[in-house]
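Trainee: Starting off with a structure, shown below.
The values are calculated or read from the model by the stated rules, or taken from the named source; none is laboratory data. What you see is a predicted model; the values in this text were computed from it and never measured. When we count neighbours, we look across all protein chains shown, and the Cβ atoms used for this are built from the backbone with ideal geometry, even at glycine. For accessibility, only protein heavy atoms count, side chains too; no ligands or nucleic acids. Shrake-Rupley method; radii C 1.70, N 1.55, O 1.52, S 1.80 Å.
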Amino acid sequence: MAAISCFHVKIDGCSVFSHPLSKCFLKGLMNMYPPVPKQVPQWSLSLVLTHMMHKPFEPLASTDISFLSYKVAFLLAITSLRRVGEIAALCCDSPYLDFYPNRVVLRPRPTFLPKVVSKFHMGQAVSLPVFLPCPDSDAEKTLHTLDVRRCLLFYLKRTADFRIDRSLFVCFKGPRKGHAASSQTLSRWLVTAIRLAYSAARRDCPLPLRAHSLRAQGASAAFSSGLSLEDICRSAMCSAPSTFIRHYALDVDSSRDAFALSTAHPLNPPVLFLKRVTGNSIRETLSAKYIGCRRRPLASLPSREKADRA
């Protein structure tokens with residue numbers, strides 16, 4: 001419809017897309033075939049994270065570069081909540097990549113245009129705090145293997161010898177070895193990481209798998225872990241809570257204890273812990289608490305603490 005509107009002459013002073021008949025037709029299609037959002041996670045985030053702490057994804061110093069690439073891409077996607085195209089636009093040079101003692105900050109290249117070109121979406125940095133910076137016990141040291149900052153340092157060191165492009169992620173084999181990994185390549189890496197984790201667990205991998213499902217998994221796990229809806233929307237670059245409620249809110253497993261990885265927001269360090277999800281589903285809770293905020297801008301969204309008190 002958009003392509004036809006670009007080349008077709010106006011009808012009654014309106015474009016084809018904005019004509020009342022077109023609007024009536026599209027509304028009828030929506031009524032006949034309404035979108036059915038996914039209510040439950042398609043795959044287990046806890047399973048994938050658990051097996052990423054062991055072989056073949058560890059140890060990072062000696063594992064195959066392919067497993068290292070899959071792990072770094074997956075952890076960055078699940079903690080940042082960014083789209084694959086936004087991850088592919090990240091660079092490996094300063095000032096687009098800065099390592100600090102307590103976090104790592106990543107920025108896209110200046111020429112990158114996000115899906116929604118607006119002041120809110122342009123040039124937003126990704127700040128990922130260190131996960132368990134001073135592990136003491138063996139359990140904490142195992143969990144520290146999921147630290148994104150640690151994985152990025154290993155990845156940059158091991159790709160330095162064959163790196164040609166200054167993009168953060170580069171191809172590790174084939175004729176494009178050392179060149180920037182495309183969005184399609186990164187999507188394939190994310191799906192492969194999930195399949196490898198299921199293979200290591202000796203379980204059948206659910207089909208079909210899509211890389212975009214990581215946004216819903218990460219955002220829903222973050223909300224169930226206690227992060228406010230405002231922080232989740234800012235991390236995922238959603239200008240309004242209705243986007244998360246309609247497209248990304250999943251009912252995480254409430255029948256048993258499950259690992260939940262919070263989104264990496266600067267004020268909320270990522271925490272991997274066992275949490276029992278009880279009570280209403282995420283979608284029901286959001287609809288009850290934020291029904292009046294569905295059309296409101298993000299700046300006017302109440303914090304989770306205020307909503308809980310209400």
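Trainee: From the residues in region 222-248 that are hydroxyl-bearing (Ser, Thr, Tyr) and closer than 17 Å to residue 123 by Cβ, which one is least open to solvent (accessible area, probe 1.4 Å)?
Mentor: By that ranking, first place goes to 235.
Trainee: Would you mention how many residues in region 15-46 are open to solvent by 100 Å² or more (accessible area, probe 1.4 Å), at pLDDT 80 or above and within 30 Å of residue 204 (Cα to Cα)?
Mentor: 0
Trainee: Checking residue 12 against (1) over 30 Å from residue 206 (Cβ atoms); (2) surrounded by 11 or more Cβ atoms within 10 Å (Cβ to Cβ), which test does it fail?
Mentor: That leaves (2) as the condition not met.
Trainee: Spot the failing condition for residue 57; the list is (1) farther than 29 Å from residue 248 by Cβ; (2) surrounded by 15 or more Cβ atoms within 10 Å (Cβ to Cβ); (3) at pLDDT 90 or above, and only one is missed.
Mentor: That leaves (1) as the condition not met.
Trainee: Using the structure shown, decide if residue 149 is touching a residue at least 12 places away in the same chain (Cβ under 8 Å) and surrounded by 16 or more Cβ atoms within 10 Å (Cβ to Cβ).
Mentor: When the stated conditions are applied, residue 149 passes them.
Trainee: When you scan region 1-104 for helices (runs of 4 or more DSSP H) that lie fully inside it, which ones turn up with 1 or more residues that are touching a Cys at 6+ places or on another chain (Cβ under 6 Å) and within 25 Å of residue 179 (Cα to Cα)?
Mentor: Fully inside region 1-104 and qualifying: 65-80.
Trainee: Identify all residues within region 185-214 that are aliphatic (A, V, I, L, M) and outside any loop (DSSP other than H, G, I, E, B); write none if there are none.
Mentor: 186, 190, 191, 193, 194, 196, 197, 200, 214
Trainee: Still on this model: Out of region 125-152, which residues are out of contact with any helix residue (DSSP H, G or I) (no Cβ under 8 Å at 6 or more places or on another chain), outside any helix (DSSP H, G or I) and of a type in the set (A, V, I, L, M)?
Mentor: 125
Trainee: Here is a further query. Report whether or not residue 196 is aliphatic (A, V, I, L, M) and touching a Pro at 6+ places or on another chain (Cβ under 9 Å).
Mentor: Considered against the rule, which asks whether it is aliphatic (A, V, I, L, M) and touching a Pro at 6+ places or on another chain (Cβ under 9 Å), residue 196 comes out as yes.
Trainee: I'd like to know if region 59-79 contains one or more residues that are among the acidic types (Asp, Glu), closer than 24 Å to residue 160 by Cβ and touching a residue at least 12 places away in the same chain (Cβ under 8 Å).
Mentor: Within region 59-79, none of the residues are among the acidic types (Asp, Glu), closer than 24 Å to residue 160 by Cβ and touching a residue at least 12 places away in the same chain (Cβ under 8 Å).
Trainee: Continuing with the same structure: In region 166-185, how many residues are within 29 Å of residue 102 (Cβ to Cβ) and open to solvent by 40 Å² or more (accessible area, probe 1.4 Å)?
Mentor: Of the residues in that region, 1 qualify.
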